[in-house]
Amino acid sequence: MTMQECYKAIGGNYEAVLGRLHNEALIPRFTLKFLEDQSYLQLKQALENKNYEDAFRSAHTLKGVCQNLSFDRLYEVSNELTELLRDRTGEKPGIPEAMEKVTEVYEMTIEEIKKGLSH
Amino acid sequence: MDKRQKILIVDDSKLNREILKEILGETYNYLEAENGNQAIQMIGENIGINLMLLDINMPQMNGFEVLEIMKRSQCIAETPVIMISSEDAVNTMRKAYELGITDYITRPFDSVIVKKRVQNTLGLYMNQKHLINVVYDQVYEKEENNNIMIQIMSNILGSRNSESREHILHIKTATEMMLRQLVKVTDAYPLTEADIALITTASSLHDIGKIRIPEEILNKPGRLTDEEFKIMETHSELGAAIIKDMDFSQGHPLVHTAWEICRWHHERWDGKGYPDGLKGEEIPISAQVVSIVDVYDALTSERCYKKAFEHDTAIQMIMDGQCGQFNPILLKCLKELSLQLSKMLNKEMDDNKYSHEIQRLSNEILSDKSLPNQIYSQSLVKVMQEKIDFFKSNSGTNSIDYNVVSGQLTILNGKQQVLCQRNNPKFDLFKEFGVIEEDVQYIRVLLHQTSVQNKEISVQIKATVENKSQMYKMKLHTLWSPMKKDVCIGIIGYFDIIK
């Protein structure tokens with residue numbers, strides 16, 4: 001599977017990321033590093049601990065990383081969650097549902113990247 | 001040594017930091033910080049950071065708090081900051097610019113654009129620093145030449161009259177100090193930096209008329225007769241005449257100011273001076289200032305007809321009107337400068353004497369934009385030295401080191417083991433050591449009274465250290481910003497058991 005196919009599978013925008021980074025070799029390198037990125041795990045942990053300050057920050061970081069890599073699908077869901085968490089109270093309705101969506105897309109993304117890189 | 005420019009990347013996401021490093025390439029030397037606290041600490045430790053890339057949302061201390069600290073400590077002028085964030089709300093961006101950032105980049109970013117913006121920012125700062133250095137060199141050369149000319153002149157006068165050599169240099173220094181103080185305490189005399197420089201230079205000429213006074217009167221040991229005194233007094237008119245007779249354009253500000261000073265530096269506020277008996281503000285401020293510092297220096301120097309008075313006595317004599325009446329505002333300035341003047345007598349002259357002139361010229365060139373302070377790093381070194389000196393003389397006891405800017409506090413015992421370390425501003429230190437509330441209040445009051453002139457306080461308090469509760473004597477020494485007036489930047493101290 002090529003990088004383009006991998007992007008397609010995870011709902012990313014390969015043309016956009018190439019257009020910004022101007023270097024094909026950088027894309028698989030960053031994608032690989034995404035596997036080590038801690039922001040999703042921190043987000044999950046923070047929500048479990050009801051630490052909404054940390055939760056907002058991690059969601060925000062995850063969203064930023066996805067923006068950089070043009071992981072559009074994961075960006076959309078993490079952006080939604082970031083906005084729900086922005087007031088740092090955890091009182092906005094729909095947070096667990098939004099988190100569920102993030103988890104679903106995140107797991108799928110990781111899976112596909114692993115598949116893509118092993119080829 | 002690595003000569004590449006240093007970029008500090010502050011972002012809590014490792015991936016984001018790596019992306020930036022990849023994009024910017026090997027041209028630069030990178031430092032990384034995961035949060036604001038680390039960033040502030042690194043700025044404090046690595047003096048030569050050329051650029052900071054700063055994220056907003058981070059744990060412990062966010063990007064805005066970092067900027068606020070940098071603004072307070074003035075190092076934002078030294079280190080340009082580019083903020084990188086996915087926050088694109090106008091308010092957020094405006095706030096960042098108001099706190100002094102140079103540029104704001106929103107995610108997702110284009111790699112070429114980020115690279116260019118980083119290059120441009122570094123380039124601008126390099127140019128600005130280069131410009132300051134050019135100005136510095138030129139001012140230095142100009143001032144050196146100026147000083148050499150003045151020294152030659154002082155020596156010529158001094159060859160006839162042994163008093164003049166140092167006298168002229170003292171007058172020059174004290175005149176500048178007084179003028180600066182004057183502008184600080186009142187708006188009544190709107191003197192620009194250029195005016196101050198002009199009057200200061202012209203002050204060197206105040207006694208040139210003495211070249212035409214016969215040597216036996218000039219160097220007579222003991223009191224002059226009335227007649228001799230009359231001749232001596234003509235030196236002010238003679239000096240003014242020398243300047244007038246020269247083939248200068250009399251409209252030139254330096255020539256005009258020098259003339260005023262020569263002629264009127266023996267006038268007095270109440271009209272009882274000479275040669276014209278001018279009164280109050282009829283006497284130009286240039287001549288007023290030179291006349292009061294002239295009297296001060298004459299009193300504190302040894303002359304062929306008298307011994308030197310102590311600094312305090314001299315100030316008191318001037319205040320009491322024993323040397324004629326002076327403008328009350330100048331008396332006030334003189335009193336406020338007392339300490340600095342006494343240092344001048346002991347030849348502890350300011351080693352950065354051209355900084356004002358450099359700042360003025362630089363600002364003029366960059367059309368009044370205030371510049372990054374090239375002496376910021378040097379000043380930091382000075383504060384470090386002050387710390388080292390303090391601890392050197394108080395070694396072997398428990399020591400305290402508190403940085404007001406970063407909130408970093410470290411307490412060590414005599415064996416250099418850490419008793420307490422924190423960087424949380426809300427931490428209650430006194431509670432930790434079991435100090436009672438009354439003592440805490442007392443220390444607060446005393447600390448509040450410290451100033452640049454009066455840096456140290458000593459108290460006796462009861463405290464619990466390493467599980468032992470007993471009386472301690474504690475000495476605290478405040479550190480002050482070398483750049484900004486009345487800004488405390490740190491507290492160092494030690495405490496020891498009362499035996």
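Any read-out appearing in this document is the output of simple, stated calculations on the displayed coordinates, not a laboratory observation. Just so it is clear, the model here is predicted, and its values are computed rather than measured. Positions of Cβ are backbone-derived with ideal geometry, glycine not excepted, and every protein chain shown enters the neighbour counts.
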Could you please report the charge total around B:I199, scoring K, R as +1 and D, E as -1 over all other residues with beta-carbon less than 12 angstrom from its beta-carbon?
-2
The local net charge around B:S236, scoring Lys/Arg +1 and Asp/Glu -1 for residues other than B:S236 whose Cβ lies under 14 Å from its Cβ, equals -1
Spatially proximal lysines relative to A:K114 (Cα-Cα < 18 Å; intrachain offsets below 8 disregarded):
A:K8, A:K33
Which lysines have a Cα less than 19 Å from the Cα of B:K184, not counting those fewer than 8 places away in the same chain?
B:K172, B:K332, B:K335, B:K353, B:K484, B:K485
Just to be sure I understand: of the beta bridges DSSP finds with both ends in the protein assembly as shown, what percent are antiparallel, rounded to 5?
65 percent
Once you sort the root eigenvalues of the Cα gyration tensor of chain B as a ≥ b ≥ c, which label holds: rounded (a/c under 1.5), prolate (a/b larger than b/c) or oblate (the other case)?
oblate
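If you take the beta carbon distance between A:T2 and A:K33 as r and set R0 to 22 Å, what does 1/(1 + (r/R0)^6) give as a FRET efficiency, to the nearest 0.05?
Numbers: r = 19 Å, r/R0 = 0.85.
Between A:T2 and A:K33 the formula returns 0.70.
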Can you give me the Cα centroid spacing of region B:1-80 and region B:294-308 in angstrom?
57 Å
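Take every DSSP beta bridge whose two residues both sit in chain B, then give the antiparallel share in percent to the nearest 5. Numbers along the way, then the final one.
Values: 34 of 51 bridges.
In chain B, DSSP labels about 65 percent of beta bridges as antiparallel.
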Label-point separation in nm, B:M126 to B:L446, each point 7 Å along Cα→Cβ:
5.2 nm
When the Cα centres of region B:232-254 and region B:170-227 are compared, how far apart do they sit, in Å?
14 Å
Part-to-part distance (alpha-carbon centres) for region A:1-42 and region A:45-119, which is given in Å
16 Å
Ranked from highest to lowest mean number of other Cβ atoms within 10 Å per residue, what is the order of the peptides B:465-474, B:335-344?
B:335-344, B:465-474
Which aspartates and glutamates does B:K279 reach when only Cα atoms under 15 Å apart count, and residues fewer than 8 places away in its own chain are ignored?
B:E260, B:E267, B:D270
What number, in percent, do you get for the relative contact order of region A:3-118 if the mean sequence gap of Cα pairs under 8 Å and at least 6 apart is divided by its residue count?
29 percent
Test item: B:8-20 mean partner chain Cβ contacts at 10 Å:
5
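Which value results when the Cα radius of gyration for region B:131-365 is divided by 2.2 N^0.38 Å?
Details: Rg = 17.4 Å, N = 235, 2.2 N^0.38 = 17.5 Å.
Ratio of Cα Rg to 2.2 N^0.38 Å: 1.00.
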Tilt of helix B:164-185 relative to the longest C-alpha principal axis of chain B, in degrees (0 to 90, nearest 10)?
60 degrees
Which residues' amide hydrogens lie under 5 Å from the amide hydrogen of B:W480, considering only partners 5 or more residues apart or on another chain, with H built in the peptide plane?
B:I489
